[in-house]
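Colleague: There's a structure below that I have some questions on.
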Amino acid sequence: MDVVDLVLRKYDGRPHRRVTGRLLGEDEFGTWIGTPRGTMVRYSYGLRRLSWTRSDSVRLIPRDAWWMAMFSAEPSRSEIYCDVTTPVRRTGPAEFTVIDLDIDLIRFHDRRVVIDDEDEFAAHRVRFGYPDEVVTAATGAATELHAALTGDTEPFAGHYRKWLARAAAVGRRRPRLR
């Protein structure tokens, strides 16, 4: 399995976070990247610059959508964590890049769904001058994701579980990525 980097930037181009995972495959929903427990995540902000994931996860990079999703096994507090982003760009043979547009949707294991960081989106909209089409696409993606997460629409209903199982299996067979 190929090692790939998922790079998140902010709208002004500055780095936000980077995670290295294993390319698991593609299907009708997009590209799936496994990040088993112990995968390193690099942050470009705050005091904590490195951390290691505490649970097995799989990340979905959909085609031409304004979001990406991370599906996590317990003990993660969240079952699904969606970042509203620009559509993914392949920026290298083993690199995917998105612009993080601040809004996050989180579905917890108890099925509760919350929208997070709308205040950050509003502040960055002014600070970075998000164009109207970006605002429309981002808020539309948040609305669609909320409906999909609460309505249990695929890939959020259960399709992701087979990919999550693959990510966990990769983690058992391979050394941790650093």
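Colleague: Scan 138, 123 and give me the residue that is buried (at least 18 other Cβ atoms within 10 Å of the Cβ) and assigned to a helix (DSSP H, G or I). Give the steps one after another, and end with the answer.
Modeller: Numbers: 123 fails: buried (at least 18 other Cβ atoms within 10 Å of the Cβ).
Within the list 138, 123, the selection yields 138.
Colleague: Ok, one more. State all residues of region 151-171 that are surrounded by 14 or more Cβ atoms within 10 Å (Cβ to Cβ) and touching a residue at least 40 places away in the same chain (Cβ under 8 Å); if no residue qualifies, say none.
Modeller: Those that are surrounded by 14 or more Cβ atoms within 10 Å (Cβ to Cβ) and touching a residue at least 40 places away in the same chain (Cβ under 8 Å): 155, 156, 159, 160, 163, 164, 166, 167, 168, 170, 171.
Colleague: Hey, among the residues in region 73-87 that are over 17 Å from residue 167 (Cβ atoms) and not in a strand (DSSP E or B), which one's modelled with the lowest pLDDT?
Modeller: For region 73-87, the residue satisfying everything is 77.
Colleague: Filter region 84-116 for residues that are touching a helix residue (DSSP H, G or I) at 6+ places or on another chain (Cβ under 7 Å) and among the aliphatic types (A, V, I, L, M); which is most open to solvent (accessible area, probe 1.4 Å)?
Modeller: So the residue we want is 115.
Colleague: Additional query: Just to verify a result, which residue in region 62-83, among those that are in contact (Cβ under 8 Å) with a residue 60 or more places away in the chain and open to solvent by 20 Å² or more (accessible area, probe 1.4 Å), is farthest from the chain's Cα centre (by Cα)?
Modeller: Step by step, filter region 62-83, then rank; the result is 73.
Colleague: Turning to a different aspect of this structure: Residues in region 21-54 that are surrounded by fewer than 19 Cβ atoms within 10 Å (Cβ to Cβ) and either assigned to a strand (DSSP E or B) or of a type outside the set (Ser, Thr, Tyr) (or both): how many?
Modeller: Looking only at that region, the number is 20.
Colleague: Looking at region 51-61, is at least one residue free of Cβ contacts under 8 Å to residues at least 40 places away in the same chain and hydrophobic (A, V, I, L, M, F, W, C)?
Modeller: no
Colleague: Determine whether residue 123 is small (Gly, Ala, Ser), over 20 Å from residue 41 (Cα atoms) and more than 17 Å from the chain's Cα centre (by Cα).
Modeller: yes
Colleague: Taking residue 12 as the residue in question, decide whether it is among the acidic types (Asp, Glu) and over 30 Å from residue 129 (Cα atoms).
Modeller: Answer is no for this residue.
Colleague: Sticking with this structure for a sec: Give region 6-20 a look and list any residue that's of a type outside the set (A, V, I, L, M, F, W, C) and open to solvent by less than 40 Å² (accessible area, probe 1.4 Å), or say none.
Modeller: 10, 13, 16, 20
The values are calculated or read from the model by the stated rules, or taken from the named source; none is laboratory data. In this text, all values refer to a predicted model and were calculated from it rather than measured experimentally. Cβ coordinates were reconstructed from backbone atoms using ideal geometry, including for glycine residues, and neighbour counts include every protein chain displayed. In case anyone asks, the SASA skips ligands and DNA or RNA and just uses the protein heavy atoms, side chains included. Shrake-Rupley method; radii C 1.70, N 1.55, O 1.52, S 1.80 Å.
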